[in-house]
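S.K.: For reference, the structure I am asking about is given below.
The values are calculated or read from the model by the stated rules, or taken from the named source; none is laboratory data. Model, not experiment: these values are computed from the prediction. Reconstructed Cβ throughout: ideal geometry from the backbone, glycine too, with neighbour counts over all protein chains shown. Side chains included, ligands, DNA and RNA excluded: accessible areas come from the protein's heavy atoms. Shrake-Rupley method; radii C 1.70, N 1.55, O 1.52, S 1.80 Å.
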Amino acid sequence: MIRYFLNIICVLFVSFSMLGQELKMTIETEEVLIGEPFSIHYSVISEEKIDSLIFFDQEDTFSAKISDDQKSDQVSSTYDLEILTAFTDTNYQSNGRYVWRGTYEVTGWDSAYVIIPPELIYIEDSMYVFPAGLVHITSPTLDPNHPLYDINESFTELPQDKFLFLKSYWFFALILALIIALVFIYFKRKPKKEQRISLRAEFLGKIDRLEKSKSFETNLKEYYYDLSIILRRFFAAHLQEQILDKTTGEIEVILTKYGLDQEKVLLTRKLLTQSDMVKFARSTPSIEEVKNVTNYARKIVNEIADLELKDE
């Protein structure tokens, strides 16, 4: 079964091509040593310019898979690759075609055949899947010409102290006094429990702090991305739905399902679509437009927070 699975990976590894777009996943090398860095590359190649592309990158660790046993029929054990360099992506043109390319630099700390699972990507509100991949992480080979040596240990006897018991008594007394002092200070300075703020106040505060940071003056793309994430997290908390991995079109369907009127749905779509355009299509709105979009976000939070939503 494992051999069958690896054959499928080899087929998928070549490339995925669909509707004028070609998806590729390549691994820098087929075999690496434990702790040796290697790169994983994801590419989207298109004949036409891509206006909207969303790829949810991983942080700190990259979740991969290994076989529990080379003779087992299951490939289900989790294997976490350490991310050495944060995910980076870029857009460029090559031979008249538009290319998006994203890269991880990772390493592994256990020997295994590691399966890089298929990753999702959203292109023009449609979901596609990158092919899977395989890398063999191996242990260093021992050199038989260099034998292992024992560690020679030596011990020194300490002279007995006639006053050891007395010193120990004062030591424990000092520790006890310190513990009592720390407990007293803790209860004296223990802060009162903070009253939980409403979702409206929490997310309006996040929007206010984002606007006051004026990050749009230095990184407009980052500002629009943060504003979009704030809204998505508000929807997730208010509607108790998984929103972060949804496309703009899917969010529109969810809001309609909960009985939001068309005006609020269209306002939400306008804001999320403009965020996508700034991030992926390199649109450059004016400062006035940025402030208007920020006010739209406040309006959406205020109006939706007032609604008693009904799941139809």
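S.K.: So for the range 2-16 (the condition being open to solvent by 80 Å² or more (accessible area, probe 1.4 Å) and at pLDDT 90 or above), does at least one residue qualify?
M.R.: The answer is no; no qualifying residue exists.
S.K.: Somewhere in the range 89-97, is a residue open to solvent by less than 60 Å² (accessible area, probe 1.4 Å), farther than 18 Å from Ala132 by Cα and at pLDDT below 90?
M.R.: Initial filter on the range 89-97 (open to solvent by less than 60 Å² (accessible area, probe 1.4 Å)): 94, 96.
Pick out the ones that are also farther than 18 Å from Ala132 by Cα and you get 94, 96.
Keeping just the survivors that are at pLDDT below 90 gives 94, 96.
Yes.
S.K.: List every residue pair whose Cβ atoms sit under 8 Å apart, with the two residues 6 or more apart in sequence or on different chains, where the first one lies in the range 258-280 and is more than 17 Å from Arg232 (Cα to Cα) and the second, anywhere, is of a type in the set (Gly, Ala, Ser) and open to solvent by 10 Å² or more (accessible area, probe 1.4 Å).
M.R.: Close Cβ pairs satisfying both conditions: Phe280/Ser52.
S.K.: Which one of Tyr122, Tyr104, Tyr128 is at pLDDT 90 or above, under 17 Å from Phe56 (Cα atoms) and open to solvent by less than 60 Å² (accessible area, probe 1.4 Å)?
M.R.: Tyr104
S.K.: Next question, about the same structure. Out of (1) part of a loop (DSSP other than H, G, I, E, B); (2) modelled with pLDDT under 75, the odd one out for Phe171 is which?
M.R.: Answer for Phe171: the failing condition is (1).
S.K.: Would you pick out the residues in the range 41-65 that are under 20 Å from Asp110 (Cα atoms) and among the basic types (Lys, Arg)?
M.R.: Matches in the range 41-65: Lys65 only.
S.K.: For the range 131-144, indicate whether the set of residues that are open to solvent by 80 Å² or more (accessible area, probe 1.4 Å), hydrophobic (A, V, I, L, M, F, W, C) and modelled with pLDDT under 85 is non-empty.
M.R.: Yes; the residues of the range 131-144 include at least one that is open to solvent by 80 Å² or more (accessible area, probe 1.4 Å), hydrophobic (A, V, I, L, M, F, W, C) and modelled with pLDDT under 85.
S.K.: Still on this structure, please answer the following. Residues that are farther than 27 Å from Ser275 by Cβ: list the strands (runs of 3 or more DSSP E) wholly contained in the range 88-134 that include at least 3 such residues.
M.R.: 97-107, 112-116
S.K.: In the set Lys270, Lys257, Lys299, Lys264, which member is over 23 Å from Tyr122 (Cα atoms), of a type in the set (D, E, K, R), open to solvent by 70 Å² or more (accessible area, probe 1.4 Å) and over 23 Å from the mean Cα position of the chain (by Cα)?
M.R.: Working: Lys270 fails: over 23 Å from Tyr122 (Cα atoms); Lys257 fails: over 23 Å from Tyr122 (Cα atoms); Lys264 fails: open to solvent by 70 Å² or more (accessible area, probe 1.4 Å).
None of the others qualify; the one that does is Lys299.
S.K.: Inside the range 107-119, can you point out the residues that are open to solvent by 60 Å² or more (accessible area, probe 1.4 Å) and under 27 Å from Glu48 (Cβ atoms)?
M.R.: Passing the criteria: only Pro118.
S.K.: Looking at the range 59-83, which of the residues that are of a type in the set (S, T, N, Q) and open to solvent by 40 Å² or more (accessible area, probe 1.4 Å) is modelled with the highest pLDDT?
M.R.: Thr61
S.K.: Further question: Filter the range 174-220 for residues that are at pLDDT 80 or above and not in a helix (DSSP H, G or I); which is most open to solvent (accessible area, probe 1.4 Å)?
M.R.: The selected residue is Thr218.
S.K.: Give Asn219, Asn295, Asn302 a once-over and let me know the one that is touching a residue at least 60 places away in the same chain (Cβ under 8 Å) and out of contact with any helix residue (DSSP H, G or I) (no Cβ under 6 Å at 6 or more places or on another chain).
M.R.: Criteria check complete, one pass: Asn302.
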